[in-house]
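> Below you will find the structure I want to go over with you.
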Amino acid sequence: MGGHAPQPQGSNPSPWIVRFAPLVAPGGSVLDLACGGGRHGRFFLDHGHPVTFVDRDLSGIADLRSNARAALVEADLEAAPWPLENQQFAAAVVSNYLWRPLFPALLAALAPQGLLLFETFMRGNERFGKPSNPDFLLAENELFERCKDACKIIAFEQGEETAPRPAMRQRICAIKR
């Protein structure tokens, strides 16, 4: 299974996502991929965006079923076909999850000028704990390399961080060409 670290329902959105959220077109649709408790999708809902939440277990967002602007899609992203064929989004958010075979479908799901906000763990994280499986840890510069041809890179960072806990992380904000 992918390197997914579920988030408690009430946890705050990542500062990286919040920092670049204003670049999403007003009212533009947002994809929260491998959403867990939906902390990022909830942030975008609160800011007027329709959000499609995708995860293999929707129990962390069951309270959103009655929200007219929330679409809940239950899908095993690693064992089933891409569940959003022919859908495009103004933004896609991926946090604490990595399944490399999804990159082509994820980039195709971005509308022209769509924003990709992606952050997860990278190699070296194994010394701090989980995830430690190299299959779920990005290589150095991997997000940049995977995005540079299809997107204009707005910001990229990687390396060791100490908060909220010690980890090796990589982040990108990119706009689809």
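> Enumerate by residue number the GluC sites (Glu not before Pro) in the stretch 33-138 meeting two conditions: DSSP loop (anything except H, G, I, E, B), and at most 14 other Cβ atoms within 10 Å of the site's Cβ.
Hits after loop and neighbour filter: Glu78, Glu85.
> Roughly what % antiparallel, to the nearest 5, for the DSSP beta bridges in the chain?
Roughly 45 percent of the beta bridges in the chain run antiparallel, per DSSP.
> Related question: Counting only heavy atoms of protein chains, what accessible area per residue, in Å², does the chain have with a probe of 1.4 Å?
On a per-residue basis, 47 Å².
> Under the classification rounded if a/c is under 1.5, otherwise prolate if a/b is larger than b/c and oblate if not, where does the stretch 1-104 fall, given a ≥ b ≥ c as square roots of the Cα gyration tensor eigenvalues?
Judged from the Cα gyration tensor, the stretch 1-104 comes out rounded (a/c under 1.5).
> Here are labelled values, [x] 16.4, 52; [y] 20.2, 65; [z] 15.0, 43, and one is the computed Rg and Dmax of the Cα atoms in Å for what I pasted. Which one?
Computed from the coordinates, Rg and Dmax of the Cα atoms in Å corresponds to [z].
> Next question, about the same structure. Mind running the shape call on the stretch 94-177? Use the C-alpha gyration tensor, a ≥ b ≥ c as the square roots of the eigenvalues: rounded below 1.5 for a/c, prolate if a/b tops b/c, oblate otherwise.
Because a/c hits 1.5 or more and a/b exceeds b/c, the stretch 94-177 counts as prolate.
> When a/c reaches 1.5 or more, the comparison of a/b and b/c decides; with that in mind, is the stretch 16-56 rounded, prolate or oblate per its Cα gyration tensor?
prolate
> Run the numbers on the stretch 94-154 and let me know its relative contact order in percent, using alpha-carbon pairs under 8 Å that are six or more apart.
Result for the stretch 94-154 is 33 percent.
> Near the amide H of Leu31, under 5 Å away, which other amide H atoms are found, from residues 5 or more places off or on another chain, if H is placed in the peptide plane?
Residues meeting the criterion, in which the H sits 1.01 Å from N, are Thr52, Ala91, Ala92, Val93.
> Name the lysines eligible as straight-distance cross-link partners of Lys176: C-alpha to C-alpha under 26 Å, and not fewer than 8 places from it in the same chain.
Hits, sequence-local ones excluded: Lys148, Lys152.
The values are calculated or read from the model by the stated rules, or taken from the named source; none is laboratory data. Because the structure is a prediction, the values reported are computed rather than measured. Glycine gets a Cβ as well: all are built from the backbone with ideal geometry, and neighbour counts include every protein chain shown. What goes into the accessible areas is simple: the full protein's heavy atoms, side chains included, and nothing from ligands, DNA or RNA. Shrake-Rupley method; radii C 1.70, N 1.55, O 1.52, S 1.80 Å.
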